[in-house]
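To start, the structure itself, in structure tokens.
The values are calculated or read from the model by the stated rules, or taken from the named source; none is laboratory data. Just so we're clear, the structure is a prediction, and the values are computed from it rather than from any experiment. Because the Cβ atoms are built from the backbone with ideal geometry, glycine has one as well, and the counts that use them run over all protein chains shown. Keep in mind that these areas ignore ligands, DNA and RNA; they rest on the heavy atoms of the full protein, side chains included. Shrake-Rupley method; radii C 1.70, N 1.55, O 1.52, S 1.80 Å.
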Amino acid sequence: MGRPLIYEILEKPATSCIIGLCSAIWFYIQKKNIGYSHVGLSYENAIEGHHWRIITSAFSHISILHLVFNMSALWSLGVVEKLGPLGLGVEYYLHYTLVLVVLSGILVLGMYHILIQRFKIEYFKRVTAVGYSCVVFGWMTILSVRQPSSKLDLFGFLSLPISFAPFESLIFTSIIVPQASFLGHLSGIIVGYAIAWGLIHGMSNFWAISMLGWIVLVFVFSLKRAGAYDISFLEIESVTDPSLPSVRFLPSGNGRTLQMSALPVSGAEIV
């Protein structure tokens with residue numbers, strides 16, 4: 001008999017929270033009948049300023065099968081949280097999950113840009129990606145380099161050697177689910193290798209919090225700019241109070257002269 005689930009959850013707190021978050025978002029999407037086009041990431045949306053979709057697309061799933069596959073793989077990959085003595089652990093997991101979410105989204109947009117602009121494949125303008133697969137494939141890759149003896153367990157009965165899992169899963173999902181984003185999965189693998197080989201390194205609590213802060217700022221202001229949601233507290237109205245002084249430049253013989261209008265004086269006293 002296996003260990004009680006509660007012990008596994010306590011040993012994988014970050015993984016458990018992410019699975020809970022993705023599941024809650026999936027439930028909300030189903031309840032509100034939200035389509036992938038409302039939360040997914042595409043090249044057309046990105047060039048229109050919908051940068052917030054890099055985040056929403058990563059944590060959103062439309063089909064239950066997609067959610068179960070990704071969360072099952074993520075649960076197995078949560079072993080990273082237990083590998084603190086090997087230089088991994090909970091902090092490492094959180095820091096580089098943040099990196100994987102952002103960089104894999106940016107990289108897939110870069111791939112779309114090359115295919116559209118260089119090779120004139122207009123199809124990729126409208127391809128919309130959703131799901132946590134980029135991050136899942138990234139962690140498969142990191143674990144295959146840092147802990148090649150590990151196994152990837154899917155659905156509780158299918159076990160794959162982690163050293164081959166990234167490319168096995170890439171081919172498997174492309175065959176079984178033709179609409180799966182090959183480039184999205186590949187971007188996760190590329191970023192995963194960059195992290196595992198030390199090309200991307202040096203993340204600390206300071207840099208992670210700083211990065212998270214910038215992500216929140218870009219997320220909120222791109223939402224506001226795109227007009228996707230009404231965020232009234234960010235509304236900034238222009239000030240055109242005629243009682244305030246104005247400053248302007250006037251042409252003159254020797255160049256330009258600065259002129260400033262005076263404030264109106266009413267009932268003023270000079271002492």
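Points to keep in mind about this one:
- When each of 74, 103, 94 is tested for being closer than 25 Å to residue 29 by Cβ, at pLDDT 95 or above and either assigned to a loop (DSSP other than H, G, I, E, B) or open to solvent by less than 10 Å² (accessible area, probe 1.4 Å) (or both), the lone residue that passes is 74.
- Which listed residue is assigned to a helix (DSSP H, G or I), open to solvent by 20 Å² or more (accessible area, probe 1.4 Å) and of a type outside the set (Gly, Ala, Ser), from 209, 200, 195: 209
- Test: residue in the stretch 108-115 that is out of contact with any helix residue (DSSP H, G or I) (no Cβ under 8 Å at 6 or more places or on another chain), modelled with pLDDT of 95 or more and open to solvent by 60 Å² or more (accessible area, probe 1.4 Å): yes
- Residue 82 vs. criteria basic (Lys, Arg) and open to solvent by 60 Å² or more (accessible area, probe 1.4 Å): yes
- Of 120, 125, all but one fail to be out of contact with any Leu (no Cβ under 9 Å at 6 or more places or on another chain), at positive phi and surrounded by fewer than 18 Cβ atoms within 10 Å (Cβ to Cβ); the exception is 120.
- Within the stretch 32-71, the set of residues being among the small types (Gly, Ala, Ser), surrounded by fewer than 18 Cβ atoms within 10 Å (Cβ to Cβ) and out of contact with any Lys or Arg (no Cβ under 7 Å at 6 or more places or on another chain) comprises 35, 37, 63.
- Residue pairs meeting the criteria (Cβ under 7 Å; at least 6 apart or on separate chains; first closer than 15 Å to residue 90 by Cβ and open to solvent by 60 Å² or more (accessible area, probe 1.4 Å), in the stretch 3-21; second at pLDDT 90 or above and not acidic (Asp, Glu)): 9/16; 11/82
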